[in-house]
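A quick write-up on the structure given underneath.
What follows is calculated from the coordinates using simple rules that are stated; it is not laboratory data. Being a predicted model, the structure only gives us computed values, none of them experimental. A quick note on method: Cβ atoms are made from the backbone with ideal geometry, for glycine too, and the neighbour counts reach across all protein chains shown.
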């Protein structure tokens with residue numbers, strides 16, 4: 001059995017046992033962030049099991065604030081219920097429409113209270129035909145750990161009905177241990193076992209009959225591919241070798257064996273150069289830059305980032321170019337070498353503009369301006385930050401939340417207030433304020 005299937009089976013066995021033990025309402029879903037997506041698939045598989053009598057409401061929005069998160073939860077519960085009702089109708093099962101008993105009273109509650117009412121109402125309506133709901137709070141990111149923990153503590157004190165089950169994502173030794181203890185359903189993948197399994201697959205040395213070889217392309221197909229891609233067609237053997245090298249490098253990195261990782265990446269880069277795989281080479285160079293920093297060689301890291309940036313520019317992959325330039329800026333910032341750092345962030349902002357990625361451009365502009373402040377040239381930071389504000393003003397409010405525009409606005413508003421320019425400060429703050437508040 002492969003390690004992921006084993007992790008899936010163990011996780012579901014533990015979750016079912018915990019929810020079934022004494023009608024338990026709350027269960028920690030313990031999982032590393034990197035395995036979160038696989039765990040989510042396990043939950044969907046569980047939901048689809050014939051014997052399951054609870055639809056799953058899985059909420060994944062990032063936790064930025066209590067109000068935003070739980071207002072969003074109320075909205076999603078309503079939408080998910082509508083989809084379940086529509087699906088049931090197609091199967092000939094009639095479910096009542098989602099309505100609240102006293103909408104005016106619910107509107108006066110705090111966001112957490114409103115969310116609880118929505119979940120309980122959905123559970124009650126579904127409970128007429130099924131057993132209720134399983135609510136999974138699985139945020140992709142948590143921006144305020146303290147507020148998140150307080151929110152879960154508040155949910156723990158709610159006298160939930162027997163129709164509701166609540167599972168909450170938490171990392172190993174995560175903050176929810178302090179609320180619910182160490183017990184939880186764990187989705188754990190043995191990294192060493194996984195790497196060994198993947199290597200076996202890639203090397204085509206697994207037990208059983210050998211895998212059939214892929215049909216070789218014709219000469220005309222090969223020429224057409226090379227003309228379209230600008231790179232040579234990789235042989236099956238070298239393709240397998242490249243995948244093995246990349247997995248070996250990742251395995252070494254996971255165990256902090258940086259020199260071994262660098263050697264594997266170096267060999268992988270050689271194969272990329274042999275076949276003209278420029279973008280793959282750039283990705284390897286960014287990885288080598290990180291290794292160089294870990295080994296204490298900042299100049300080597302900058303050199304690697306520059307190669308990656310040049311490739312991004314050459315291949316018109318401007319987002320890659322911007323990310324590599326941000327890497328250069330980060331190295332120079334660590335050294336407090338502010339002018340070269342500012343130049344690197346300026347290049348990143350320009351590349352992000354060509355890539356048409358506003359969030360990346362705003363962050364590059366923010367860092368560019370910060371470098372000017374750190375070297376005592378705040379007047380040079382102001383127009384840079386103003387550009388960031390203009391970039392963010394063109395975004396819708398939800399997209400704006402995913403950027404670092406708020407930090408830029410805070411710096412600019414503080415400067416204007418110190419200069420006695422209160423109207424300008426208020427205007428800057430208004431650009432990033434939540435219109436609902």
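Available extension along the chain between residue 33 and residue 5 is 8.3 nm, counting 0.36 nm per residue and deducting the alpha carbon span.
Label-to-label distance for residue 141 and residue 255 is 3.3 nm, based on points extended 7 Å past Cα in the beta-carbon direction. Each peptide in 324-333, 91-100 was scored by the mean count of other Cβ atoms within 10 Å over its residues; highest first, the order is 324-333, 91-100. Entry note, segment 317-405: relative contact order of 26 percent, from Cα contacts under 8 Å with a spacing of 6+ residues.
On the beta carbon distance between residue 337 and residue 423, with R0 = 60 Å, the FRET formula returns roughly 0.95. Annotation for residue 414 and residue 48: the two label points, set 7 Å from Cα along the Cα-Cβ direction, are 5.1 nm apart. With contacts taken as Cα pairs under 8 Å at a separation of at least 6 residues, segment 17-97 carries a relative contact order of 12 percent. Its relative contact order, with pairs defined as Cα atoms under 8 Å and 6+ residues apart, puts the chain at 11 percent. For the pair residue 433 and residue 390, a Förster radius of 22 Å applied to the C-beta separation gives a FRET efficiency near 0.85, rounded to the nearest 0.05.
The alpha-carbon positions of segment 3-189 define a convex hull whose volume is 115 Å³ per residue. Label positions at residue 297 and residue 263, each projected 7 Å from the Cα along the C-beta direction, are separated by 1.4 nm. Here the sum of -39500 (n - 2.57) over DSSP H runs of 4 or more residues, divided by the residues of the chain, equals -21000 deg cm²/dmol at 222 nm, to the nearest 500.
Peptide packing: for 144-153, 60-69, the average count of neighbouring Cβ atoms within 10 Å per residue gives the ranking 60-69, 144-153, highest mean first. For residue 243 and residue 193, the FRET efficiency from 1/(1 + (r/R0)^6), where r spans their Cβ atoms and R0 equals 22 Å, is about 0.75.
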